[in-house]
Structures are given as C-alpha cells and as structure tokens.
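Enquirer: Please read through the structure below; I'll follow up with questions.
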Amino acid sequence: MNVLARSEAYLTEIGLNPAAQRSNAAVQDLLDEIEVYSARISELSAARMNPLGRLSAIARGQAGATREEIEEELELFEEELRTTRQDRETAIELVRDFFESRGLKLEGEPASWKALLPALAGASALGESNSLVAVWDAWQRQFGKGFPYEAAYAKRSRALFGTCLGAAGNPSVANGTFDWVIVDEAGRATPPELLVPLVRGRRAILVGDHRQLPPVLDRELPSEELDALGLSRQELERSLFQTLFETLSESYRVVLDTQYRMAPSIGTMISDVFYEGTIINGDHGFASTVPWPLTPLLWIDTSPFEDRFDESQGGSFRNLREVRMVRDVLERWKAHIDNGAKPLAIAVITGYEAQRKLLESELHLSDSHLWEGLGLELNTVDGFQGRERDLVIYSAVRSNRRGDIGFLSDARRLNVALSRAREHLVIIGDAQTLRLGTGPGGPNPFRRVLDWFRAHPEDAMVVTGAE
C-alpha cells in the first residue's frame, strides 16, 4: 500500500470520511466561483449598456484598428458574456444537486451564495474533525508535486522528457548534466530555444526537417527594429538545425530517405518537388479501392470562375468559392460512403485562419451527424503539422489579379500541407494565380507542383470545378 492509500486508511479507521470532506471542499469552491461569475456578469452587463463607450475604448486601445477588428473584439466580448452566464448556471446546478442529495432543497437564489457555507458545514457531519481532514487533503494535493519531488525523481530516472524552454525553468534539469540530449522537431526551434537543452548534454541528437515549417516568429515583429539590428525575417527563420545540417561533415549527418506513410504517387511528388528526388517509397501496401477521385492526386482549378478571388479579413484571407468546392468534395465523399464505400479519415487544411473560420461556419461542423462517417477534421497547416489523414483537402485561398500569393510562396509550408495525405490529396485553388504568383517566402513552389501534375497524368489530374 502506498503512502497516500495508507493516510486515507488511517482517517477511515478513526471514523473520519475523507471522501465527504473532498466533496464539501469542491462545493465550497463552486460557491466561490458563483460569486466571481456573478461579479463578472454585472461588470460585462454594465459595459454592454454603453456600447459606444466600449467601442471607443476598443478603438483607443488598438491604434489603427480596422472596423473588422473592432467588430471581432465586440464579438469576443459578447461571447465572454454568454460563456460566463453558462458557467454560472452550471455551477449553480451542481450546488443544487449536492444539497438535494443531502435532503436540503434550495428555493430560488440566495442573496449571497457564501451564506450557504454554514449549511454546508452542517451537512458534512464532521464537526471538529474538519480541520484534520482539511490538513490531510491539502497534504495529499501537494505530495509528489513541485520541484523538491521532481529533483528526487530526476536523480532516480534514466530518461527525462520536456520542452526546450520547460527544461530551463526546472532546477532538476537546468542544473543537471546528461549523457545524451535528444531534441525532436529541432527544425522548428529558434537557436536560443535549442541551446537551452544542448548545453546540458555531453552528446546530442537533433531530429527534424528543415524543409518543413520553420521556427515560429512573431508576425508583428516590426521590420524597422529588424533593420536597425541588421537582421531579416528570413535570417531569423533559419534554424540552428539547418545551419548544423548544412555545415557538419557527412559523418555527423543521417538522412532517413525512405517513406512508408504516403501512397507511392504522393510520396514521389513530394520527393521530386521538395527533396530533389532523394526520398524513396517503402513497401506501403497501398491499393486504392475508392471510386473517386480516379487518381491519388487531384487539383481542382478555380481560375475559370468569376467569384474565385480572395478577400482580406482582419489581416488574414478567405475565399468563399473554395469553401463551396470543399463542401462539394465532402458531399461527394459522403454519398460514396453512404452507398457502402470504405469510410475515410478526412482533413481539410488551409494556410489562413480566416479561411478556417469560414469553413467551420459554412460546413456546419457543430452538427455531428452532417458529415458522419468522414472522420472530418479542420485545421490550419501550422496546426496540422505532424498529423495525417487518409484524404486531405488543401484550400490554397489566394487568388487575385496582382499575382500576390503572400507567404504561400514558402516551399516549407507547402511541403507540410501536401505531405499530410496517406491515400488521396485534393488541392483546391486558382492554378493561374498560384502558378505565376510571387510572395516574400522565396521562389514560387506551386509552379513545380503543377508541372509535376501535368507530367504524371497516370497519378495526378488538374480539373475545373468538381468534375
């Protein structure tokens, strides 16, 4: 029997009831929460009665804020008011259930919820022993937690796991020295993040792919400050992992050059477009039995449509024409599955948060029955890295007469987007804009993708609309 179990057994032997004490403590916490929720609702309701005042306050707090950004902030305000009310009602319902289970019925709402505390103490029937059980409960919550315990565990452990920066905040790790340090997703860490664990190890193994998503930088980092420091965003997005991989001798580098996850056609396209043909296909055992699409790779071209253009939305972009085509593809798959086709796990991904929100709204994802059988997941490209699905639908979004494709010109981000599919990949986008467009991320990678599609008709098709 462990220490915690022994302590509970002892309290039971002397006639105390730890479980009842914990229930009472939980209800007391709920009473405190109700008071906090009530105060917050009063505050929000007062602000709501003066919307112009709040609107001007938001505008003052966000210099240069657009109307769309202000409206989005007001929507968040209304959402907070709704969720706070819901949380308060949930807490009240739990408190009512607790008292009714002990034969005490609450009528209406008391003037102060904390006034119920004396009744709560009477319901516990623990009397003077409450303090003893409370001490035991507090001890139980702390036992095994915190830096002193973690240091003791670390000394007895052969392997410790954590994030790069999390290691710096933990004395048991930050002050230790390790035989090996292994860093996964090292290509996404900035140099300072990566150095935190590296200085604690005698030897290190870095695992990553510098041809996929780069280190995360604040998009609002002022270019003026970068210029003053003689730095560029491209330099900051170059990972230490990439620098080491490209400068160390071959005896210190290993490339895993065989992929088993994707269908051979998709794997070959990824290899040819993003890895100069150096990645080979292992024994995938892939045999497509699906009725559509006829090839593992499909590009649905929106360029002939008059309503194909993207629109700016609060610093992001969205494209309603592509949303409608995503829905058409999903409806087609849903019909096949309803007629007996093999169910697939499907992901819809896009590079833009505004498009993700529009897809979420237009596809009615809150209705769990609408897309039943599709195993549907919606996310941004960054949010979906490291994940995979049988069928992936990628909405490119950018379409304009300027030929501006923004950060989609970054081949690393496109590599992540197109390599998430196991069996089928569907790209929806304006082939004309994406083929000829330019952006700050480097040479346009979509041109190579489209060239590959057209050079491999047995594996890939480019069609107009949902043909």
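Enquirer: Taking all protein chains together and a probe of 1.4 Å, list THR464, THR177 from the most accessible to the least accessible.
Expert: From most exposed to least exposed: THR177, THR464.
Enquirer: Once you sort the root eigenvalues of the Cα gyration tensor of the stretch 272-405 as a ≥ b ≥ c, which label holds: rounded (a/c under 1.5), prolate (a/b larger than b/c) or oblate (the other case)? Walk me through the numbers on the way to the answer.
Expert: Working: a/c = 1.69, a/b = 1.19, b/c = 1.42.
Judged from the Cα gyration tensor, the stretch 272-405 comes out oblate (a/c at least 1.5, b/c at or above a/b).
Enquirer: Only sites in a loop by DSSP and with at most 15 other Cβ atoms within 10 Å count here; which GluC sites (Glu not before Pro) in the stretch 150-237 make the cut? Before the final figure, lay out each step's value.
Expert: Values: sites: GLU150, GLU185, GLU193, GLU220, GLU224, GLU225, GLU235, GLU237; in loops: GLU185, GLU220, GLU237.
For GluC sites (Glu not before Pro) across the stretch 150-237 that sit outside H, G, I, E and B with at most 15 neighbouring Cβ atoms in 10 Å, the list reads GLU220.
Enquirer: Quick one: if the Förster radius is 30 Å, what FRET efficiency do ARG332 and SER312 give, using the C-beta to C-beta distance and rounding to 0.05?
Expert: So the FRET efficiency works out to roughly 0.50.
Enquirer: With every protein chain in place, what's the accessible area of SER101 (1.4 Å probe, Å², nearest 10)?
Expert: Roll a 1.4 Å probe over it and SER101 shows about 80 Å².
Enquirer: Next up: Could you tell me the accessible area of ARG332 in Å² (1.4 Å probe, neighbours in place), rounded to the nearest ten?
Expert: Per-residue accessible area (ARG332): approximately 80 Å².
Enquirer: Let me ask something else. Taking square-rooted eigenvalues a ≥ b ≥ c of the alpha carbon gyration tensor, is the stretch 314-362 rounded, prolate or oblate, where a/c under 1.5 means rounded and, failing that, a/b exceeding b/c means prolate? Don't jump to the answer; show the numbers that get you there.
Expert: Values: a/c = 3.84, a/b = 2.49, b/c = 1.54.
In terms of gyration-tensor shape, prolate.
Enquirer: May I ask you to give the solvent-accessible area per residue for the stretch 160-287, in square angstrom, as obtained with a 1.4 angstrom probe? Before the final figure, lay out the partial values.
Expert: Numbers: 8020 Å² over 128 residues.
It amounts to 63 Å² per residue over the stretch 160-287.
Enquirer: Of the heavy-atom accessible surface of the stretch 397-455 (probe 1.4 angstrom), what whole percent is carbon and sulfur? Before the final figure, lay out the partial values.
Expert: Numbers: 1030 of 2000 Å².
Its accessible area is 51 percent carbon and sulfur atoms.
Enquirer: Of the chymotrypsin sites (Phe, Trp or Tyr not before Pro) in the stretch 165-273, which ones lie in a loop per DSSP and count no more than 15 other C-beta atoms within 10 Å? Could you put the intermediate results ahead of the total?
Expert: Working: sites: PHE178, TRP180, PHE241, PHE245, TYR252, TYR260; in loops: TYR260.
Hits after loop and neighbour filter: TYR260.
Enquirer: At 1.4 Å probe radius, can you tell me the per residue accessible area of the stretch 314-406 in Å²? Show your work: numbers first, answer last.
Expert: Working: 3880 Å² over 93 residues.
Value for the stretch 314-406: 42 Å² per residue.
Enquirer: Now for a different question. Contour minus end-to-end for THR258 and ASP97, with contour as 0.36 nm per residue of separation and end-to-end as the Cα-Cα distance? Spell out each step's value before the answer.
Expert: Values: separation 161, 0.36 × 161 = 57.96 nm, distance 5.84 nm.
Extending this stretch completely gives an extra 52.1 nm.
Enquirer: Less than 12 Å apart at the alpha-carbon level, and either on another chain or at least 8 residues along: which aspartates and glutamates does that give for LYS334?
Expert: Candidates past the 8-residue exclusion: GLU372.
Enquirer: Between ARG454 and TYR275, what is the spin-label point distance in nm, taking each point 7 Å from the Cα along the Cα→C-beta axis?
Expert: It works out to 2.7 nm between the two label points.
Enquirer: Let me ask something else. For the full complex of protein chains and a 1.4 angstrom probe, list HIS369, HIS210 by accessible area with the highest value first. Walk me through the intermediate numbers first.
Expert: On the way: HIS369 130, HIS210 35 Å².
Accessible-area ranking of HIS369, HIS210, largest first: HIS369, HIS210.
Enquirer: Sticking with this one: Per residue, what accessible area does the stretch 415-467 have, given a 1.4 Å probe and all protein chains present, in Å²?
Expert: On the way: 2010 Å² over 53 residues.
Using a 1.4 Å probe on heavy atoms only, each residue of the stretch 415-467 averages 38 Å².
The values are calculated or read from the model by the stated rules, or taken from the named source; none is laboratory data. The structure presented is a predicted model; accordingly, all values stated were derived computationally and were not measured. Ideal geometry is used to build each Cβ from the backbone, glycine not excepted, and the neighbour counts take in all protein chains shown. SASA here: full protein model, heavy atoms, side chains in, ligands and nucleic acids out. Shrake-Rupley method; radii C 1.70, N 1.55, O 1.52, S 1.80 Å.
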